[in-house]
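All remarks here apply to the structure that follows.
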DNA sequence: TACGTGACTTTGG
DNA sequence: CCCAAAGCCACGT
């Protein structure tokens, strides 16, 4: 209540992540870019750690396609969630980001 | 109020 | 190919 409104950036991250459809993924840098801070990829991770857990954070991956190492339950859990959405998990906990990358529809 | 740390990405040696 | 540093924003001390 004391905080009138959380930063626009953080709110934007919430909205973007919420809009990622099942079976698709976005990179940290891409999410940051859509929120007005192309170089704030790290911040997306920070927000993911402190942000609401009802958002599909498992759909946010490295630009390289690797899964986050600090995902609650571990990479295997994140991989399981993605696999349940139909995402093919490649060896070394990677996904075909080139193929699954999703861009918000403007 | 200031400083350090961190779910990242890019650039340069 | 491997390593180091900068830049971004949020949060705890």
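The values are calculated or read from the model by the stated rules, or taken from the named source; none is laboratory data. This one's a predicted model, so the numbers in the text were calculated from it and none came from an experiment. Virtual Cβ from ideal backbone geometry, glycine too; neighbours counted across all protein chains shown.
Could you please find all residues in the range A:37-53 being more than 6 Å from DNA strand C (Cβ to nearest atom) and more than 13 Å from residue A:6 (Cβ to Cβ)?
Residues satisfying the conditions are A:38, A:44, A:45, A:48, A:49, A:53.
Output the residues belonging to the range A:40-56 that are within 7 Å of DNA strand B (Cβ to nearest atom) and farther than 18 Å from residue A:103 by Cβ.
Answer for the range A:40-56, where residues must be within 7 Å of DNA strand B (Cβ to nearest atom) and farther than 18 Å from residue A:103 by Cβ: A:42, A:43, A:45, A:46, A:48, A:49.
For residue A:86, are the conditions met, namely being touching a residue at least 40 places away in the same chain (Cβ under 8 Å), over 19 Å from residue A:105 (Cα atoms) and away from DNA strand C (no atom under 16 Å from the Cβ)?
Here the answer is yes, as residue A:86 does meet what is asked.
In the range A:23-36, which residue that is outside any helix (DSSP H, G or I) and out of contact with any strand residue (DSSP E or B) (no Cβ under 9 Å at 6 or more places or on another chain) is farthest from DNA strand C (Cβ to nearest atom)?
Top of the filtered list is A:23.
Consider residue A:12 against the criteria (1) out of contact with any helix residue (DSSP H, G or I) (no Cβ under 8 Å at 6 or more places or on another chain); (2) within 11 Å of DNA strand C (Cβ to nearest atom); (3) not in a loop (DSSP other than H, G, I, E, B): it satisfies all of them except one. Which criterion is unmet?
Of the numbered conditions (1) out of contact with any helix residue (DSSP H, G or I) (no Cβ under 8 Å at 6 or more places or on another chain); (2) within 11 Å of DNA strand C (Cβ to nearest atom); (3) not in a loop (DSSP other than H, G, I, E, B), the odd one out for residue A:12 is (1).
Checking the structure you have, find out if any residue of the range A:58-77 is surrounded by 15 or more Cβ atoms within 10 Å (Cβ to Cβ), more than 9 Å from DNA strand B (Cβ to nearest atom), in a helix (DSSP H, G or I) and at pLDDT 95 or above.
yes
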